[in-house]
Amino acid sequence: MLIILMVAMINVASNGCIEATRVKDENYHMLLKPKGTVKTIESEDGRDVIDCVDIYKQPAFYHPLINDLQVEPSSYPSGRKVDETLPEIIQDWRKNGECPDGTIPIRRTKKYDPHRHFPIGLHGRNFNSSLDPDIHDGHEVKTSTNNRCLLEWVANESNLEIIFFFVCHSLREGGSYHGSQARINIWNPQVEENEMSISQMWVASNTQLESVNTIEVGWIVLPERYGDHQTRFFVYWTSDGYQTTGCYDLDCPGFVQMSKKFGVGSPIAPVSIYAEESFEILVEIFQDVETKNWLLLVQDELIGYWPGNIFTTLANDADELHWGGEIFDSKRNGHHTTTQMGSGHFPNEGYKKSSYFHNIRMMDNLNYAWSEPANPQTYVTNPLCYDSQIAPNRQGNAGTYFQYGGPGNSAQCP
């Protein structure tokens, strides 16, 4: 339960999106109430406070390039069908109330620099165009190709472990991408202090330069940022290589929230249970053919979009699409972390035991429709700790499918 200990007046933040109200919770963390709040809801477990904010007063509209609201996509990808069997995601906070029409949910956050990234990981990478395709900071690298496209922008960061399943325009003449789709398996991996575990999709452009543009979406366990070990849905973006633009969730002007039902940065449940139950979400990111905005749908619900004009190269199209996981290893005790990726189990354990992405699809510049990935590749930094496996055959309606993850520290991963 939230206990209000102090209320005081403070200055409005420089970007104009913070109201002059400061509140302390029982852990003495400073919490910021967004301007335009018309209703406040506390999650059932008491860990999150959700402010229902006037949709036109959300942080995005403090961006100098964002002036209007796109209520609906101008069109949907050709042949797209709504899956009426998809269950609606009911986040914990909605058990205590709903945001009114004309408002959107914003998770109340701690006061901090929105451009600080937790931890370094890919969100603050060092670029290294000379990275050897078979060596990554002394770790064994398993890759299905000698292509340098992905490796041009892999972080030169010894604390990062990555698994990518990806497509890249350099593998196809004149290729470019306008959408990414997958069903993402949801888990709650063990994460050590000051570390993280992520399962996400990347839509990226200009990846061989320090001005890389990315959109990143998925689930994350990041205690340093969110204050607990829950699995949370997040969004992220940058237009200048993680230098001065971009942030998680709604922490800065950029992502435009549309849904009043689904809060970015909030816990997502249920999570899979090893050998018993498997849960997943359908995530779609695609570029509106007219506005060039990048729209985000989860379980067929329009969550929001990134305006095309906040980007440089992503304003036109994407060079690469990625699906996969990453963890950050602080190496605090002189050995590899026990932070888990995915389910915390290796991919060869199979369904309901290892984490997966399936129904992986892309949208290219040949037509405005979802299609199977062309020439997909894999990249693994340290297969003794975390590994990947492309499904040997397509099972039923699973489409393009791969499994990934691992436990971290073990006899084979000291």
When (1) over 23 Å from Ile285 (Cα atoms); (2) in contact with a Phe, Trp or Tyr (Cβ under 9 Å, 6 or more places away or on another chain); (3) buried (at least 23 other Cβ atoms within 10 Å of the Cβ) are applied to Gly324, the one that fails is (1)
Could you grab me the full set of residues in segment 305-335 that are small (Gly, Ala, Ser) and either in contact with a helix residue (DSSP H, G or I) (Cβ under 6 Å, 6 or more places away or on another chain) or at positive phi (or both)?
Gly308, Ala315, Gly324, Gly334
For segment 151-209, how many residues meet the condition of being under 20 Å from Phe311 (Cβ atoms), part of a loop (DSSP other than H, G, I, E, B) and either modelled with pLDDT of 95 or more or of a type in the set (A, V, I, L, M, F, W, C) (or both)?
1
Give the number of residues within segment 172-190 that are crowded, with 24+ Cβ neighbours inside 10 Å and farther than 22 Å from Trp370 by Cβ.
2
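Quick grid of which residues meet (1) modelled with pLDDT under 95; (2) part of a helix (DSSP H, G or I); (3) of a type in the set (A, V, I, L, M, F, W, C); (4) more than 30 Å from Arg361 (Cα to Cα):
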| position | (1), (2), (3), (4) |
| --- | --- |
| Gly46 | yes, no, no, yes |
| Val53 | no, no, yes, yes |
| Asn67 | yes, no, no, yes |
| Val71 | yes, no, yes, no |
| Ser75 | yes, no, no, no |
| Leu86 | yes, no, yes, no |
| Glu98 | no, no, no, yes |
If you check every pair at least six apart or on different chains, which have Cβ atoms under 7 Å apart with a residue in segment 42-69 that is under 16 Å from Tyr226 (Cα atoms) first and a residue that is in a loop (DSSP other than H, G, I, E, B) and modelled with pLDDT under 90 second?
Glu42/Leu2; Gly46/Met1; Gly46/Leu2; Val49/Leu2
Only one of Ala411, Ala391 is surrounded by fewer than 20 Cβ atoms within 10 Å (Cβ to Cβ), free of Cβ contacts under 8 Å to residues at least 60 places away in the same chain and in contact with a Phe, Trp or Tyr (Cβ under 6 Å, 6 or more places away or on another chain); which?
Ala391
Just wondering, is there one or more residues in segment 228-240 that are surrounded by fewer than 18 Cβ atoms within 10 Å (Cβ to Cβ), part of a loop (DSSP other than H, G, I, E, B), in contact with a helix residue (DSSP H, G or I) (Cβ under 6 Å, 6 or more places away or on another chain) and in contact (Cβ under 8 Å) with a residue 40 or more places away in the chain?
yes
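The values are calculated or read from the model by the stated rules, or taken from the named source; none is laboratory data. Remember, predicted model here, so these are calculated numbers, not experimental data. Counting neighbours? That spans all protein chains shown, and the Cβs are built from the backbone with ideal geometry, glycine included.
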